[in-house]
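The values are calculated or read from the model by the stated rules, or taken from the named source; none is laboratory data. Owing to the predicted nature of the structure, the values given are computational and were not obtained by experimental measurement. So basically every Cβ, Gly included, is an ideal-geometry build from the backbone, and we count neighbours across all protein chains shown.
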Amino acid sequence: MFVTRKEYEGFGHDLIPEAKFLRTINKAGMIAQQHTLGRLPWEANSASQSDDSIAEWNKMGICELADLIYTREAVAIGASGAPIVAFRNESYSETISSDRANPVELELAYNKQIGRIIAAYFTPEQRSRVGGG
């Protein structure tokens, strides 16, 4: 595991429920691994790899990625498991038109957000195709 629940909360995050935490944080870690070409240690929290543990900034980035992943999935699918087509609060309601939300544009925006998080929390050396591990 790249980040523990205690670390996630210690960095000020509280969005992901306990039941979805492990799956979401591991998915975020795998995205970080893809963007750093596998340069992050797999068992960052194990005693045997204390010298190679993930830097605190990297862990913060993984937490940001996890929140992005969770939010994306939560927005697309409601609690019942069905796609959300409308929402309402006390004074406002909106119906989501499927033709208004272009899936390609949504995917591009999501990937741009991932890129911004990776650029903010991972060093150029970690992201570089040359050198590293």
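Before moving on, here are some points about what is shown:
- Pairs with Cβ under 8 Å, 6+ apart, first in the stretch 113-126 and surrounded by fewer than 15 Cβ atoms within 10 Å (Cβ to Cβ), second basic (Lys, Arg): 119/127
- Among (1) surrounded by fewer than 13 Cβ atoms within 10 Å (Cβ to Cβ); (2) outside any strand (DSSP E or B); (3) modelled with pLDDT under 90, the one test that residue 34 misses: (3)
- Test: residue in the stretch 96-103 that is polar (S, T, N, Q), in a loop (DSSP other than H, G, I, E, B) and modelled with pLDDT of 75 or more: no
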